[in-house]
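Here is the structure we will look at, set down as C-alpha cells.
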Amino acid sequence: GREYAKKLEKAITKELSDLEMPDAIFEVSFVRREKAKFFSMSGIDDISFRFSANPGQQVRALSAIVSGGEASRIMLAVKNVLSRVDLIPTLIFDEIDTGVPGKASLAIANKLKAIASAHQVLCVTHTAQIAAASDKGFVLTKKVSNGNTETVCTVLDGEGKTKEVSRLLSGSDTESSLRLAGDLIKSFGD
C-alpha cells in the first residue's frame, strides 16, 4: 500500500502543478493505531491526506487547511488521477470553479477538456473559461408559473453558447464581449 501511496502523491502533486498550484505538496500519511484499537476492516493504520499550498507552509491535514479554491483543484486532481484506473464512464463536477481565480479557471477548463477525451464530463459552472471549453452547452433556468417553480433546460447551439459565454464574461452580449467570447471558445478548438 505504501508504494502506491507514493505514486498517488507524485501524480496528484503533478496535477496540482498543472492547475496553477506549482508549490503544492500532497502527502498520504500512515499512522499506526494504538494496540487497543489495532485492527479494523481497513487494516492497522489510519490513513489521511496532508497538504501544503505554499512554500514554507507546514504540511497539515487536508481537511483542516484548504480554502474553497484549493479544495476544488485538489478534488479535480484526485478525480483525474483515479479516473485513469477506475474506468468511471461519467464524471460530474458541480461548480468546480468556486473560489478559483481566472488563470486557475483556465487551467481547470483545460484539465476538464483533457478528461473529457476519455470520460463523459458533466460540469455545472458559472465561469466563462469552463463554459467555453465545453463540447455541448446547456443553460438551466427557473420559471415560476401559477405559484409553481419549474426548471427549464435549454440546449445551446453555437450562437447560444457564444452568447452565454459572453454573459458569463461581462454580464452582457455587447459586440466586444461576443467577440471575446468567440475567441475564448475558439482557443479550446471549438
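The values are calculated or read from the model by the stated rules, or taken from the named source; none is laboratory data. Source: prediction; values computed, not measured. Note that each Cβ is placed from the backbone with ideal geometry, even for glycine, and that neighbours are counted across all protein chains shown. Accessible surface is based on the protein model in full, side chains and every heavy atom, while ligands, DNA and RNA are left aside. Shrake-Rupley method; radii C 1.70, N 1.55, O 1.52, S 1.80 Å.
Would you check if Asp97 is among the acidic types (Asp, Glu), surrounded by fewer than 21 Cβ atoms within 10 Å (Cβ to Cβ) and in a loop (DSSP other than H, G, I, E, B)? The answer is no for Asp97. Within region 154-169, if we keep just the residues that are in contact (Cβ under 8 Å) with a residue 24 or more places away in the chain and in contact with a strand residue (DSSP E or B) (Cβ under 9 Å, 6 or more places away or on another chain), the residue that is farthest from Val139 (Cα to Cα) turns out to be Val165.
Of Leu180, Leu168, all but one fail to be in contact with a helix residue (DSSP H, G or I) (Cβ under 8 Å, 6 or more places away or on another chain), in a helix (DSSP H, G or I), under 25 Å from Ala114 (Cα atoms) and open to solvent by 80 Å² or more (accessible area, probe 1.4 Å); the exception is Leu180.
Filter region 27-55 down to the residues that are in a loop (DSSP other than H, G, I, E, B) and under 29 Å from the mean Cα position of the chain (by Cα), then identify the one that is modelled with the lowest pLDDT. Ranking the qualifying residues of region 27-55, first place goes to Ser42.
Filter region 108-136 for residues that are surrounded by fewer than 20 Cβ atoms within 10 Å (Cβ to Cβ) and either in contact (Cβ under 8 Å) with a residue 60 or more places away in the chain or of a type outside the set (A, V, I, L, M, F, W, C) (or both) and give the result. Asn110, Lys113, Ser117, His119, Gln120, His126, Asp135, Lys136, listed by residue number. Against the criterion of being in contact with a helix residue (DSSP H, G or I) (Cβ under 9 Å, 6 or more places away or on another chain), closer than 30 Å to Gly182 by Cβ, in contact (Cβ under 8 Å) with a residue 40 or more places away in the chain and not basic (Lys, Arg), Asp97 does not qualify.
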